[in-house]
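The values are calculated or read from the model by the stated rules, or taken from the named source; none is laboratory data. Since the structure is predicted, the reported quantities are computational estimates derived from the model, not experimental observations. Because the Cβ atoms are built from the backbone with ideal geometry, glycine has one as well, and the counts that use them run over all protein chains shown. When the accessible area is computed, the model is the full protein with side chains, heavy atoms only, and any ligands, DNA or RNA have been set aside. Shrake-Rupley method; radii C 1.70, N 1.55, O 1.52, S 1.80 Å.
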Amino acid sequence: MSGLVGIMGDTHDNLELTRKALKVLVEKGVSTVLHTGDVISPFTAKLLVKSGLKIHLVWGNNDGDKVKLAEILAKGGGEVHGEYALLTINNKRVFLTHYVPPQLLEGMLRSGACQVAIYGHTHKPEVKKVGGGLLLNPGEVCGYLHGKSTVIILNLEKLEAQVLTLT
C-alpha cells in the first residue's frame, strides 16, 4: 500500500461532488480513504464502494439507515468502525472520528496515543501540527455550508497533509 491516504467527510449525499472527490483521490494514487461520517444515504455508500478504494468509515450525526450503509460498505470491501476507530496504517496509529472536541484529539497526539487524529463535523478543513503528529479535518465534500468542496491527501511516510479544494 502506498503511503498516501485520502481523507474525506460530510458528503451529505452530494453525488456530483462525491464522484469528483473519489476521482481526484484515485488520480493522486490513493488506495485507502478514511471517511469522517455523514455519508447519509445508501446510494452514496454505493458510490463510495464503486470507486474501488478501501473505505474506512465512522458514523456521523446525520447518517441515516446505518444497517443498510454498513451492509453496502461490507459487501464492497469497506469497513464501518462505529463512532470512532484507532487504525494502524503503514505503521502509524490513526484515530478517526466524526466529532470529538479538537482539544481532546490534541491531547491524544501530545501523549503519543496516535500520530494522526482526524475529525469532521465542522465542515472546515484543518491541518495542524500537534506535538509530533497531525490534527486533520477534511472539511466538507458536499460544499453546502462553506461553498467549498475539500478533501485531504495524507502522506503517512512523511506525516504531511494537503487540503485539496475541488470547487
(Q) Let's test the formula: R0 of 25 Å, r as the Cβ-Cβ distance of residue 74 and residue 28. What FRET efficiency results, to the nearest 0.05? (A) 0.45
Q. Accessible area per residue of the range 1-69 at 1.4 Å probe, in Å²?
A. 39
Q.
Taking θ = phi - 60°, what integer Hz values does the Karplus form 6.51 cos²θ - 1.76 cosθ + 1.60 yield along the range 108-113, in sequence order, with x for Gly and Pro?
A. 4, 5, 5, 6, x, 4
Q) Which lysines does residue 66 reach when only Cα atoms under 30 Å apart count, and residues fewer than 8 places away in its own chain are ignored? A) 20, 23, 28, 46, 50, 54, 75, 92, 124, 148
Q | Mean separation of Cα contacts under 8 Å, 6 or more apart, over the residue count of the chain: relative contact order % | A | 24
Q. In sequence order, what are the phi-derived ³J(HN,Hα) couplings for the range 54-59 according to the Karplus relation 6.51 cos²θ - 1.76 cosθ + 1.60 with θ = phi - 60°, rounded to whole Hz, with x for glycine and proline?
A. 6, 9, 10, 10, 10, 6
Q. Amide H neighbours of residue 79 under 5 Å, counting only residues 5+ apart in sequence or on other chains, H built in-plane at 1.01 Å?
A. 55, 56, 57
Q. Got the relative contact order for the range 27-118 handy, in percent, Cα pairs under 8 Å and 6 or more residues apart?
A. 25
Q: Quick one: check the C-alpha center-to-center distance for the range 50-79 versus the range 83-98, whole angstrom.
A: 16
Q) What accessible area per residue comes out for the range 75-167, rounded to a whole number of Å², with a 1.4 Å probe? A) 48
Q: Could you run the Karplus curve 6.51 cos²θ - 1.76 cosθ + 1.60 with θ = phi - 60° over the range 64-77 and give me ³J(HN,Hα) per residue in whole Hz, x for Gly and Pro?
A: x, 6, 5, 4, 5, 4, 5, 4, 5, 5, 5, 4, x, x
Q) Of the heavy-atom accessible surface of the chain (probe 1.4 angstrom), what whole percent is carbon and sulfur? A) 52
(Q) Rounded to the nearest 20 debye, what is the charge dipole size of the range 1-112 about its Cα centre when +1 sits on each Lys and Arg Cβ and -1 on each Asp and Glu Cβ? (A) 420
Q) Which Cα, out of 130, 147, 24, lies furthest along the positive dipole direction of the chain (beta carbon charges, K/R +1, D/E -1)? A) 24
